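The values are calculated or read from the model by the stated rules, or taken from the named source; none is laboratory data. Everything numeric here is computed off the predicted structure, so don't read it as measured data. With ideal geometry, Cβ positions are generated from the backbone for all residues, glycine too; neighbour counts draw on all protein chains shown. These area figures cover heavy atoms from the full protein model, side chains too; ligands, DNA and RNA do not enter into them. Shrake-Rupley method; radii C 1.70, N 1.55, O 1.52, S 1.80 Å.
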Amino acid sequence: MSDNRGNFSGRIGFILAAAGSAVGLGNIWRFPYLAGQNGGAVFLIVYLICVFLLCYPVMIGEIAIGRAAGLDASGSYSKLGGKRWGYLGMFGIIAGIFILSFYNVVAGWAFGYFLHISFGSLLSDGDFGAFFSTFVNDIFDPTSMQGLAGSNLIFSLLFMVATAVIVAQGIQKGIEAANKIMMPALYVILISIIVYALTLPNAMSGVEFYLVPDMSELKWTTVLDGLKQAFFSLSLGMGALITYGSYLKKHENIPGSAAIISVADTSVAFLAGLMVFPLVHFLQFKLGVDNVATAGPPLIFIVLPQIFSEMGPILGRFVGGSFFLLVCFAALTSTISLLEVPVAYLVDSKKMNRKTVVWGLAALIFVLGLPSMVSQGMIPALNKLTFYRGQDFLSFVADMCDISLTVGGCLMCVFIVKQWRIGNLDAELTSGSPTYSTSFLKKYLHFTIGYVCPILLGVLSIMVILEKFIGLENIL
Ligand code: PHE
């Protein structure tokens, strides 16, 4: 069956694609600002524990389910567990559609910033906060862009088109080929900027904030943010890795591949922090202050451009342009995996033509993203949702998706233990990894997938829901 669906050429192709899915805006946009608002090093520790204890087992489970069934997310659950479990796959596919809808908007911002910094006058404009709020509200007014044709509608449309072009080419020629170019490029840019950032004045105080933990910063919100971030960053809980796993050949080693993917993703998040905090502390030094705000989504869109402008017109353009190109690459390798999930579903289950499905879904998801796009101030009702503690629509969709990921991960463990049976998981993992059956890893997975993950993910998911709708400060 897998032959006419397409598959990855081999282990490297799969690992690069899955790591590409994982490495994205989550690592470069979200991780540093969450670390910034959750005490730096403490957040890093919580995050690493979540990856090791909860995410790695879930990742192995997802890849194994996909490869065992050889189908899309919903088809895989139905095939291994009956039609009712297929709904769990559907739940993930729908979550993926909504993630892509808002993700593509933010990716469009990154693309717009890349153009504005490389070719426009953003760096000499001065007021970066004002620029950002005007920018995100500039939905369709090509003339207002300081001579740069385009607006958010165009930026995010172009991003969606790029995603669709790649996915339409199929697994090897599209997804694998794109990742083989973008992933190495991403590492090169990231490491170059870090090396440069570390040479700037006051860089070491940024490193210290990031790496020396202050345990008094540890709060419940730190734990919940760390968990949500780990699931989102590793693309877990919604079937992306079931889908990619379904294109993996039987003789490939799943636990080993999952370990490399987890390490690759975590290292990029870690490195993104190592890039951002020295830059922020350099800015504090330049401005003579010690409280540049690092919390919240604007970190890379407001604080970083200000830093690039401090570097002078030529160097700033170059470093800033490279940075936003890096963000675009990271985002694109993730958007293609997000689009592939519903595409695979319609191709496998409904036997539809791949290209038709790709363009149809891309158009639909682009339209679904429009409310998020206009929720940044342009439409006040969407900017301050009354039923959602006054937050904006984009944050609402993002939060609902976060919740569905941890819930999805929890239910996947229940599926493996109660329906598919852990013995079948073992059999799938032994294929490609003969030493698995006598390994410590086997015991570790039985313990985590059987007990730790479903229980902790269940409890923490409920806490996340309460946090979002009621506010933890009102409960604990
Ligand atoms: N992991 C991606 C990131 O960190 C986002 C993503 C989530 C991609 C879920 C696919 C599925 O940006």
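Is region 224-242 home to any residue that is within 13 Å of the chain's Cα centre (by Cα) and farther than 23 Å from Gly89 by Cβ? Yes, because at least one residue in region 224-242 is within 13 Å of the chain's Cα centre (by Cα) and farther than 23 Å from Gly89 by Cβ. One residue alone among Lys228, Lys180 is within 16 Å of the ligand (Cβ to nearest atom) and either touching an Asp or Glu at 6+ places or on another chain (Cβ under 9 Å) or part of a helix (DSSP H, G or I) (or both), and that residue is Lys228.
What number of residues in region 330-359 are surrounded by 24 or more Cβ atoms within 10 Å (Cβ to Cβ) and either within 13 Å of Leu100 (Cα to Cα) or within 16 Å of the ligand (Cβ to nearest atom) (or both)? Of the residues in that region, 15 qualify. Inside region 239-281, residues that are in a loop (DSSP other than H, G, I, E, B) and open to solvent by less than 10 Å² (accessible area, probe 1.4 Å) make up a count of 3.
Sub-6 Å Cβ pairs linking a first residue in region 98-124 that is within 16 Å of Ala330 (Cα to Cα) and more than 16 Å from the ligand (Cβ to nearest atom) to a second residue that is aromatic (Phe, Trp, Tyr) and open to solvent by less than 10 Å² (accessible area, probe 1.4 Å), at least 6 apart or interchain, are Gly112/Phe155; Tyr113/Phe324; Phe114/Phe324, ordered by first then second residue. Quick check: is even one residue across region 351-374 among the β-branched types (Val, Ile, Thr) and touching a Lys or Arg at 6+ places or on another chain (Cβ under 7 Å)? No, the conditions are met nowhere in region 351-374. When you check Ile65 against the structure, is it surrounded by 23 or more Cβ atoms within 10 Å (Cβ to Cβ), under 20 Å from Tyr444 (Cα atoms), of a type outside the set (S, T, N, Q) and modelled with pLDDT of 95 or more, yes or no? Judged against the criteria, Ile65 is a match. Annotation note: of Thr143, Thr163, the sole residue that is modelled with pLDDT under 85 and assigned to a helix (DSSP H, G or I) is Thr143. Restricting attention to region 365-383, the residues that are without any contact (Cβ under 8 Å) to a residue 12 or more places away in the chain, of a type in the set (A, V, I, L, M, F, W, C) and over 16 Å from Phe155 (Cα atoms) add up to 3.
Restricting attention to region 8-32 and to residues that are open to solvent by 10 Å² or more (accessible area, probe 1.4 Å) and at pLDDT 90 or above, the residue that is nearest to the ligand (Cβ to nearest atom) turns out to be Arg30. Criterion first (buried (at least 24 other Cβ atoms within 10 Å of the Cβ), more than 13 Å from the ligand (Cβ to nearest atom) and in a helix (DSSP H, G or I)) does Leu88 satisfy it? No: the conditions fail for Leu88. Across region 91-121, the number of residues qualifying as crowded, with 24+ Cβ neighbours inside 10 Å and not in a helix (DSSP H, G or I) comes to 0.
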